[in-house]
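The values are calculated or read from the model by the stated rules, or taken from the named source; none is laboratory data. These figures come from a predicted structure and were not determined experimentally. Backbone-built Cβ (ideal geometry, glycine too); neighbour counts: all protein chains shown. Each accessible area value is taken on the protein alone, full model and side chains, heavy atoms only, with ligands, DNA and RNA left out. Shrake-Rupley method; radii C 1.70, N 1.55, O 1.52, S 1.80 Å.
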Amino acid sequence: MSHNITAGGYPTVSPYLTVNGAGHTLVFLEKLLGATARLVHRDDHARVLHAEVVIGDSLVMLADAQPGWPAREGHIHVYVPDVDAAYHRALELGADSVQAPVKKDDPDRRAGVRDSGGTTWWLATPQEDPAPVDLRPFIRTVMDFPRPGIGFKDITPLLADAAAFSACVDQLADAVSPESYDRIAGIESRGFLFGAALALRTGKPFIPLRKPGKLPWACRRVEYALEYGTDALEIHEDSCGPGDRVLLLDDLLATGGTVKAAARLVHELGASVTAALFVIELGFLPGRKALEKDGVAVHSLLAYNGEES
Ligand code: AMP
């Protein structure tokens, strides 16, 4: 659990804060940062408050500390554009000073205040956003695999680098807002790697779309054309249904045939497709056009314009 949250449009790091007195903290945050705060749930029986706070583009959950899940006092950081202004505003709001802003020229200067609920906040200047990790060096193009003329995009270097893989999952979560879908359908087999990781990152259910004969429960099947012959995909009938918004995920978009079939399966079960998301798009092939013609929005992290590039 990280306690970094942000204000004023800086990126959030953590969505969950456990504090002593979430109610006080909510009001304090609202006043200090001009946040729009909205209470989403209160469980009076358990005397636990859960609150959803939107600050800039960031969503933060506040919860009262519970036995066995203690608050981490003194470790909550809020990034504010102006430490002095936020510090003085906090004192006006009745907070106690823990540490006045010091070291005028230090770009990482901070101040500490304690709100009336006993939660200590460290107000700090925002750090520059780190440049997004370039995933391209982690994709290896293997020429003439599996057939002459094909430039195979090998994702194993990406999987072998935990930091790059994690950055890739972050970028997938940023590419399509998780608020716009309820479930993630990953396509066998490399779509499972990214789909399962994204499901864990976003807290969404994962649906495997599998090659024929692999799924044990009642299935729907669609066949689709390959360059030579046909292939098929299957989905469990109880994996999604009317009202569900499904994100389709695969490692790579080439002609789009696989994902078109995936979209048909999801539609046959009465669910809608939010978008199709890929780590890699072969921009010189007609996959994007084919999907968009079917009304499926396409997002990808990396586009390639030739077999060898
Ligand atoms: P398509 O249905 O033509 O869009 O093909 C997409 C599927 O084939 C994805 O599941 C990819 O894993 C795989 N695929 C197609 N072309 C390549 C390639 N050049 N490198 C790696 N995988 C590919």
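Brief remarks on what is shown
- For the stretch 193-221, a tally of residues being touching a strand residue (DSSP E or B) at 6+ places or on another chain (Cβ under 9 Å), among the hydrophobic types (A, V, I, L, M, F, W, C) and closer than 17 Å to residue 249 by Cα returns 9.
- Qualifying residue in the stretch 158-176 (condition: touching a Pro at 6+ places or on another chain (Cβ under 6 Å) and either among the small types (Gly, Ala, Ser) or within 16 Å of the ligand (Cβ to nearest atom) (or both)): no
- Residue 186 crowded, with 16+ Cβ neighbours inside 10 Å and either outside the structural domain of residue 153 (by TED's automatic domain parsing) or on the phi > 0 side of the Ramachandran plot (or both): no
- Sole exception among (1) more than 15 Å from the ligand (Cβ to nearest atom); (2) open to solvent by 60 Å² or more (accessible area, probe 1.4 Å); (3) more than 26 Å from the chain's Cα centre (by Cα); (4) not basic (Lys, Arg) for residue 200, by number: (3)
- Applying the criterion of being within 13 Å of residue 221 (Cα to Cα) and touching a residue at least 40 places away in the same chain (Cβ under 8 Å) to the residues of the stretch 255-279, the residue that is farthest from the ligand (Cβ to nearest atom) is 269.
- Long-range neighbours under 6 Å by Cβ, at least six apart or interchain, first residue more than 16 Å from residue 252 (Cβ to Cβ) and open to solvent by 50 Å² or more (accessible area, probe 1.4 Å) within the stretch 143-161, second within 10 Å of the ligand (Cβ to nearest atom) and aromatic (Phe, Trp, Tyr): none
- When residue 230 is tested against (1) of a type in the set (S, T, N, Q); (2) open to solvent by 70 Å² or more (accessible area, probe 1.4 Å); (3) touching a helix residue (DSSP H, G or I) at 6+ places or on another chain (Cβ under 8 Å), only condition (3) is not met.
- If only residues of the stretch 268-278 that are farther than 15 Å from residue 256 by Cβ and in contact with a strand residue (DSSP E or B) (Cβ under 7 Å, 6 or more places away or on another chain) are counted, the one that is most open to solvent (accessible area, probe 1.4 Å) is 268.
- Within the set 242, 212, 208, the sole residue that is over 22 Å from the mean Cα position of the chain (by Cα), under 30 Å from residue 146 (Cα atoms) and in the same structural domain as residue 140 (by TED's automatic domain parsing) turns out to be 212.
- The stretch 225-254: number of residues that are of a type outside the set (D, E, K, R) and either more than 13 Å from the ligand (Cβ to nearest atom) or modelled with pLDDT under 95 (or both): 14
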